[in-house]
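Contents: one structure, followed by commentary.
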């Protein structure tokens, strides 16, 4: 059973993810651009911050300096996709 605070936090993450999914579905280039950006900067120190900045600058996705749980999840998923890609080769 979750507390009211946990429920509100979970609802906020879900709302943010809904907005994100709508953006990706309306502009399919977002996923490709995000992966390309992550691939380019992944090996640099502080890569998550650089990737977040570059995605914000080059797509309609806005990742603020202070990341939400949904922002963090998005960056983690990108990293997992790149890990899976590397495992294929």
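Just so you know, all these numbers are worked out from the coordinates, no wet-lab data involved. These numbers were taken from a predicted model, which means no experiment stands behind them. Virtual Cβ from ideal backbone geometry, glycine too; neighbours counted across all protein chains shown.
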Spin-label pair residue 56/residue 84, simplified geometry with 7 Å Cα→Cβ offset, distance in nm: 2.7
For the chain the mean separation of alpha carbon contacts under 8 Å (6+ apart) over residue count, i.e. relative contact order in percent, is 29
With runs of 4+ DSSP H residues as the only contributors, calculate the mean residue ellipticity of the chain at 222 nm using -39,500 (n - 2.57) per run, divided by the residue total and rounded to the nearest 500. -25500 deg cm²/dmol
Does anyone have the angle between helix 29-41 and the longest principal axis of the chain? Alpha-carbon axes, 0 to 90°, nearest 10? 60
Nearest 10 degrees is fine. How inclined is helix 4-26 to the longest principal axis of the chain, computing both from alpha carbons? 40
Computed from the coordinates I sent, log10 I(q)/I(0) by the Debye sum over Cα atoms at q = 0.16 Å⁻¹ equals one of [x] -0.59; [y] -0.77; [z] -0.68. Tell me the label. [z]
Please give the contour-minus-distance gain from residue 14 to residue 26: 0.36 nm per residue of separation, less the Cα-Cα distance, rounded to one decimal in nm. 2.5 nm
